[in-house]
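Asker: Here it is, the structure in full.
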């Protein structure tokens, strides 16, 4: 499967090898100059030699670097594949398969065929996961909720581990409540005896005191006779009218 780490490592090595070859050919054309490269293409029968020279030089140099980094692989692979198709059709198709046959340089199409197929594979998504493209995609698609979910899951697993390793605490004994003593009852208060009610002296018994009439009033529990008015003329000092 392509998702296996072994495939990802193999894809990185393949991108590095193919990218180095493309960069070397592109740098060779730029170092020779666009004019010299276009004249060479014109002698080989390539249409629009100047445009073809500029295209092949910069696409091979920059495309090779992009292959190594894994940047824009679908576009980079497609551009390099088109470059190799042009080289195959206009230059190498009629020269046979081998570049060198014995001691003779045949300029065959074996190299452009291999480079073109590798570019097509990278364009179709065969660059593996260890690429700049995959890093950008994962960073854009990663949401803050996913990070929170992962943190919650990690904390939950950690709490389960701690619960398994931590011994269970012994149940604490309930302290026995002390007996509540009843408060001492208040001593009974004896009612004070009521004062004796005053009694009226018997009739006819004056006891050496002046007795009153029936209209006597009670004063401090005793009957007090009101003072009688004396009739005029009874006062010894009153002589009466003369």
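No value in this document is a laboratory result; all are computed from the given coordinates. All values reported here derive from a predicted model rather than from experimental measurement. Because the Cβ atoms are built from the backbone with ideal geometry, glycine has one as well, and the counts that use them run over all protein chains shown.
Asker: What full-extension length gain, to one decimal in nm, is calculated for residue 28 and residue 162 as 0.36 nm per residue of separation minus the Cα-Cα distance?
Answerer: Roughly 41.8 nm would be gained on extension.
Asker: Here's another thing I want to ask about it. Once R0 is set to 35 Å, what does the formula 1/(1 + (r/R0)^6) return for the Cβ-Cβ distance between residue 130 and residue 54, expressed as a FRET efficiency to the nearest 0.05?
Answerer: 0.65
Asker: If you don't mind, another one. Starting from the Cα gyration tensor of the stretch 5-141, take the square roots of the eigenvalues, sort them a ≥ b ≥ c, and report rounded, prolate or oblate (rounded when a/c is under 1.5, otherwise prolate if a/b is larger than b/c, else oblate).
Answerer: Verdict is prolate for the stretch 5-141.
Asker: Show me the ranking of peptides 98-104, 78-84, 20-26 by mean Cβ neighbours inside 10 Å, starting with the highest.
Answerer: 78-84, 20-26, 98-104
Asker: What does the highest-first list of 88-96, 64-72, 128-136 look like by mean Cβ count within 10 Å?
Answerer: Ranking the peptides 88-96, 64-72, 128-136 by packing returns 64-72, 128-136, 88-96.
Asker: Classify the stretch 19-80 as rounded, prolate or oblate, taking a ≥ b ≥ c as the square roots of the eigenvalues of its Cα gyration tensor: rounded when a/c is under 1.5, otherwise prolate if a/b is larger than b/c and oblate if not.
Answerer: It is prolate, given that a/c is not under 1.5 and a/b is the larger ratio.
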